[in-house]
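The block underneath contains the structure these notes are about, expressed in C-alpha cells.
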C-alpha cells in the first residue's frame with residue numbers, strides 16, 4: 001500500500017489525485033480518472049495524503065490505517081462496492097462499514113466519512129488496480145523473512 005503515499009484528496013475538489021511532484025508554489029497533481037488532467041495546487045490548499053489517513057476504533061488508543069480498510073473491502077466485496085452512497089441511509093452505510101471494520105467508533109466516524117471511503121475505494125480500484133496487487137508481494141516477502149536463519153557452528 002505504499003502507492004497510497006502518492007494519492008491525495010484535495011479539499012473542495014471531487015475525486016482523488018496522484019501527486020506528481022512538488023513545485024515552488026505548491027504541488028503538481030494528476031487526476032485519477034480517464035482525463036488524467038494535471039494542475040498546480042496552491043501551497044495553501046488542504047491536501048490529505050491517503051497513506052496518512054486512519055479511522056477511529058472503539059479502542060481510543062488505536063486507529064486503523066486506510067490501506068488496511070481498502071484491503072478488507074477488496075477481500076469482502078471485490079473490485080467495486082455496489083452500495084449507492086447518494087441514496088443509502090445512514091443505517092445501510094454503517095451496516096456496510098461494520099462488515100468491513102467491526103470495531104470502528106460509531107460516535108467519531110460519520111456517515112460522510114464512510115461515503116468518502118467507499119467512493120475513494122471505487123476510484124482506486126478502477127484507476128489504480130496495482131495498488132491492491134502490492135499486498136500479495138508483501139506476503140511473499142514475509143514468507144522469505146520468516147524462514148529461520150542458518151545457525152553457524154561455533155569455532156573452537
Scan the stretch 54-61 and give yes if some residue there is in contact with a helix residue (DSSP H, G or I) (Cβ under 8 Å, 6 or more places away or on another chain), crowded, with 17+ Cβ neighbours inside 10 Å, under 18 Å from residue 15 (Cβ atoms) and in contact (Cβ under 8 Å) with a residue 60 or more places away in the chain, otherwise no.
-> no
For the stretch 69-81, indicate whether the set of residues that are closer than 21 Å to residue 8 by Cβ, touching a strand residue (DSSP E or B) at 6+ places or on another chain (Cβ under 8 Å) and modelled with pLDDT of 95 or more is non-empty.
-> yes
If residue 91 satisfies every condition in (1) in contact with a helix residue (DSSP H, G or I) (Cβ under 6 Å, 6 or more places away or on another chain); (2) surrounded by fewer than 19 Cβ atoms within 10 Å (Cβ to Cβ) but one, which is the exception?
-> (1)
Of the candidates 78, 67, the one satisfying the condition of being touching a residue at least 60 places away in the same chain (Cβ under 8 Å) and either touching a helix residue (DSSP H, G or I) at 6+ places or on another chain (Cβ under 9 Å) or surrounded by fewer than 15 Cβ atoms within 10 Å (Cβ to Cβ) (or both) is 67
Starting from residues that are buried (at least 16 other Cβ atoms within 10 Å of the Cβ) and not in a helix (DSSP H, G or I), keep the ones in the stretch 109-145 and report whichever is modelled with the highest pLDDT.
-> 109
Go through the stretch 24-57 and give me each residue that's on the phi > 0 side of the Ramachandran plot and within 21 Å of the chain's Cα centre (by Cα).
-> 36
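The values are calculated or read from the model by the stated rules, or taken from the named source; none is laboratory data. Just so it is clear, the structure is predicted and the values come from calculations on it, not from any experiment. Cβ atoms come from the backbone with ideal geometry, glycine included; neighbour counts cover every protein chain shown.
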